[in-house]
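J.: Below you will find the structure I want to go over with you.
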Amino acid sequence: MSLPIITADQRLAETRGIKGVIFGPSGIGKTSLLWTLEASTTLFFDLEAGDLAIEGLHIDVVRPRTWKECRDFAVFIGGPNPALRPEQPYS
């Protein structure tokens with residue numbers, strides 16, 4: 001997985017959307033809620049082969065296979081952690 005480097009100015013110039021997480025016990029309606037989202041603006045982050053339930057829904061899917069890929073993606077969408085010192089990773 002190769003992630004591009006985005007400058008602070010580029011990030012600030014982007015139109016921001018909503019980032020959310022849907023999780024919970026089986027049968028609570030997570031998949032039903034996902035079907036109500038706009039497919040063209042939705043990205044499904046599949047951590048445990050959960051996309052089987054959404055077959056037929058035409059949305060983009062990311063399937064990280066390692067902890068490093070998960071971490072890199074979290075930094076990519078969430079930005080740096082301001083609580084870390086500059087010499088710490090992902091600060």
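The values are calculated or read from the model by the stated rules, or taken from the named source; none is laboratory data. All of these numbers come straight from a predicted model, not from anything done at the bench. Glycine gets a Cβ as well: all are built from the backbone with ideal geometry, and neighbour counts include every protein chain shown.
Residue by residue, here is whether (1) of a type in the set (A, V, I, L, M, F, W, C); (2) touching a helix residue (DSSP H, G or I) at 6+ places or on another chain (Cβ under 9 Å); (3) modelled with pLDDT under 80 holds:
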{"residue": "GLY29", "(1), (2), (3)": "no, no, no"}
{"residue": "LEU37", "(1), (2), (3)": "yes, no, no"}
{"residue": "PHE44", "(1), (2), (3)": "yes, yes, no"}
{"residue": "LEU52", "(1), (2), (3)": "yes, no, yes"}
{"residue": "ASP60", "(1), (2), (3)": "no, yes, no"}
{"residue": "LYS68", "(1), (2), (3)": "no, no, no"}
{"residue": "ARG71", "(1), (2), (3)": "no, no, no"}
{"residue": "VAL75", "(1), (2), (3)": "yes, no, yes"}
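J.: Go through region 69-91 and give me each residue that's under 14 Å from the mean Cα position of the chain (by Cα) and farther than 18 Å from PHE44 by Cα.
T.: Result: GLY79, single match.
J.: Quick check, is ALA83 exposed (fewer than 10 other Cβ atoms within 10 Å of the Cβ) and among the hydrophobic types (A, V, I, L, M, F, W, C)?
T.: Yes; evaluated as a whole, the condition is true for this residue.
J.: Additional query: Restricting attention to region 1-13, which residues are modelled with pLDDT under 80 and either surrounded by 10 or more Cβ atoms within 10 Å (Cβ to Cβ) or among the acidic types (Asp, Glu) (or both)?
T.: Across region 1-13, the qualifying residues are MET1, LEU3, ILE6, ARG11.
J.: Within region 33-77, can you find the residues that are among the hydroxyl-bearing types (Ser, Thr, Tyr) and surrounded by 10 or more Cβ atoms within 10 Å (Cβ to Cβ)?
T.: If the condition is that a residue be among the hydroxyl-bearing types (Ser, Thr, Tyr) and surrounded by 10 or more Cβ atoms within 10 Å (Cβ to Cβ), then THR41, THR42 are the ones that fit.
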